[in-house]
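**Q** I'd like to ask you about the structure that follows.
The values are calculated or read from the model by the stated rules, or taken from the named source; none is laboratory data. What you see is a predicted model; the values in this text were computed from it and never measured. Note that each Cβ is placed from the backbone with ideal geometry, even for glycine, and that neighbours are counted across all protein chains shown.
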Amino acid sequence: MANIAKTKVVFELVTPTALAVSEDVDMVVVPGIEGDFGVLPGHTLVLTTIRPGVISMYIGDEITKSLFVEGGFAEANPEGCTVLAEGVTDIAEISAEDAQARLVAARDALVNSDDTTADNEVKVAEAMVIAAGGNATQH
């Protein structure tokens with residue numbers, strides 16, 4: 001097992017309710033608050049907030065899994081990467097229509113509220129629409 005840690009990244013994604021992913025990958029790309037960043041074996045220590053967006057897991061040059069995260073925190077270190085996500089959905093389970101409906105509902109809720117939670121939901125829904133291949137500027 002010691003050799004895996006030197007040639008693979010141990011990637012774990014944790015939600016408030018469960019360990020959603022625990023896999024050894026060649027690279028993971030995370031949507032950091034200041035931009036996407038890739039984690040390879042031997043990565044320097046980084047602690048950062050993540051924005052709503054897509055995490056891509058790689059084996060070789062192939063993306064093996066793409067996950068939409070609603071925000072949270074990430075820690076990268078020489079052995080791996082751990083993401084503490086507010087919510088996670090496999091990209092394959094998100095339809096453009098469902099994402100667009102979530103965005104419309106979030107924007108309607110924002111109009112009727114001055115709560116920062118409503119504003120955050122709009123940002124999450126916009127990112128989900130984009131991840132699903134839609135256009136977040138539509139109404």
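**Q** Just to check your reading of the model, which residue among E75, E93 is charged (D, E, K, R) and at pLDDT 95 or above?
**A** E75
**Q** Can you tell me which of I63, I50, I55 is surrounded by fewer than 18 Cβ atoms within 10 Å (Cβ to Cβ) and within 16 Å of V29 (Cβ to Cβ)?
**A** I63
For (1) out of contact with any Phe, Trp or Tyr (no Cβ under 9 Å at 6 or more places or on another chain); (2) at pLDDT below 85; (3) not assigned by TED's automatic domain parsing to the domain that holds I33, each residue gets a yes or a no:
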position: G87; (1), (2), (3): no, no, no
position: A101; (1), (2), (3): yes, no, yes
position: A105; (1), (2), (3): yes, no, yes
position: A109; (1), (2), (3): yes, yes, yes
position: A118; (1), (2), (3): yes, yes, yes
position: K123; (1), (2), (3): yes, no, yes
position: E126; (1), (2), (3): yes, no, yes
position: A136; (1), (2), (3): yes, yes, yes
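**Q** Oh, and also: Select the strands (runs of 3 or more DSSP E) contained entirely in segment 69-139, then report the ones holding at least 3 residues which are surrounded by 19 or more Cβ atoms within 10 Å (Cβ to Cβ).
**A** Answer list for segment 69-139: 72-76, 80-85.
**Q** If L103 meets every condition in (1) among the aliphatic types (A, V, I, L, M); (2) closer than 20 Å to E12 by Cβ; (3) touching a residue at least 24 places away in the same chain (Cβ under 8 Å) apart from one, which number is that one?
**A** So L103 meets the others, but not (2).
**Q** Just one of the numbered conditions (1) under 15 Å from F11 (Cα atoms); (2) out of contact with any Gly (no Cβ under 7 Å at 6 or more places or on another chain) is not true of V83; which one?
**A** Unmet condition: (2).
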